[in-house]
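Written out below as structure tokens is the structure these notes cover.
A short reminder: the numbers here are calculations on the coordinates, not readings from a lab. All values derive from a computational prediction rather than experimental measurement. Positions of Cβ are backbone-derived with ideal geometry, glycine not excepted, and every protein chain shown enters the neighbour counts.
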Amino acid sequence: MAKRNIVFQGDPILSKKSRKVENFDERLYQLLDDMKETLIDQNGVGLAAPQVGVLRRVVIIMEHEDGDVIELINPEIIETSGRQENVEGCLSCPGEYGITLRPMKVKVKAYDRYGKEHIYTGEELLARAFCHEIDHLDGILFKEHVIRMLDDSELEN
């Protein structure tokens, strides 16, 4: 495993659509392992492959504080319900936070590293993370969903 560099806003890769994963092989396993190490190092909630410079439909989301992650390959949001307004930030936009409007509950169909299909359901933070990271795969940053950016005085609280 190796930590990878985070790509920051302004880099054109973050506005491009990622390609579907076709091969579930050692290269994919290495990418997933590297992304996990990078996410843990950055103390983030989720990470999409474009954020480490790879235009593939790969996402990981921290499931528990013990280091378990959900690996989503070729994820698709298949159902949403409810709504929530909450604070969101992004490893590719360090120090910037805003209030976003997202679904309260999200159901995602995706594959694991071995090509097995799974259905995941997330509520609240996990629902936001699903939406946020899958947006990255389509070249969308969280700022496109921001109702209002937070200023420094609001972040200190």
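Quick rundown of the values:
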| item | result |
| --- | --- |
| Checklist (1) among the small types (Gly, Ala, Ser); (2) surrounded by 13 or more Cβ atoms within 10 Å (Cβ to Cβ); (3) farther than 21 Å from Met149 by Cα applied to Gly98, failing item | (3) |
| Which listed residue is part of a loop (DSSP other than H, G, I, E, B) and crowded, with 18+ Cβ neighbours inside 10 Å, from Val21, Val59 | Val21 |
| Contacts under 8 angstrom Cβ, first residue in the range 45-65 being under 15 Å from Glu123 (Cα atoms), partner in a loop (DSSP other than H, G, I, E, B), 6 or more apart | Ile61/Val45; Met62/Gly44; Met62/Val45; Met62/Asp68 |
| Inter-residue pairs, beta-carbon under 6 Å, first farther than 24 Å from Asp11 by Cβ and in the range 79-100, second of a type in the set (Lys, Arg) and surrounded by 12 or more Cβ atoms within 10 Å (Cβ to Cβ), 6+ apart | Glu79/Lys107; Ser81/Lys105; Gly82/Lys105; Gln84/Arg102 |
| Residue count for the range 27-44, restricted to those that are closer than 15 Å to Val54 by Cα and over 13 Å from the mean Cα position of the chain (by Cα) | 7 |
| Flag if Ala110 is surrounded by 14 or more Cβ atoms within 10 Å (Cβ to Cβ), in contact with a helix residue (DSSP H, G or I) (Cβ under 6 Å, 6 or more places away or on another chain), among the hydrophobic types (A, V, I, L, M, F, W, C) and on the phi < 0 side of the Ramachandran plot | no |
| Unique residue being exposed (fewer than 13 other Cβ atoms within 10 Å of the Cβ) and closer than 22 Å to Gly115 by Cα when the list is Glu71, Glu79 | Glu79 |
| Residue list for the range 2-18, restricted to those being assigned to a loop (DSSP other than H, G, I, E, B), on the phi < 0 side of the Ramachandran plot and loosely packed, with under 13 Cβ neighbours inside 10 Å | Ala2, Asn5, Lys17 |
| Some residue of the range 114-127 being basic (Lys, Arg), under 17 Å from the mean Cα position of the chain (by Cα) and closer than 30 Å to Asp33 by Cβ | no |
| Hits in the range 24-56 - residues which are in a loop (DSSP other than H, G, I, E, B), small (Gly, Ala, Ser) and surrounded by 15 or more Cβ atoms within 10 Å (Cβ to Cβ) | Gly44 |
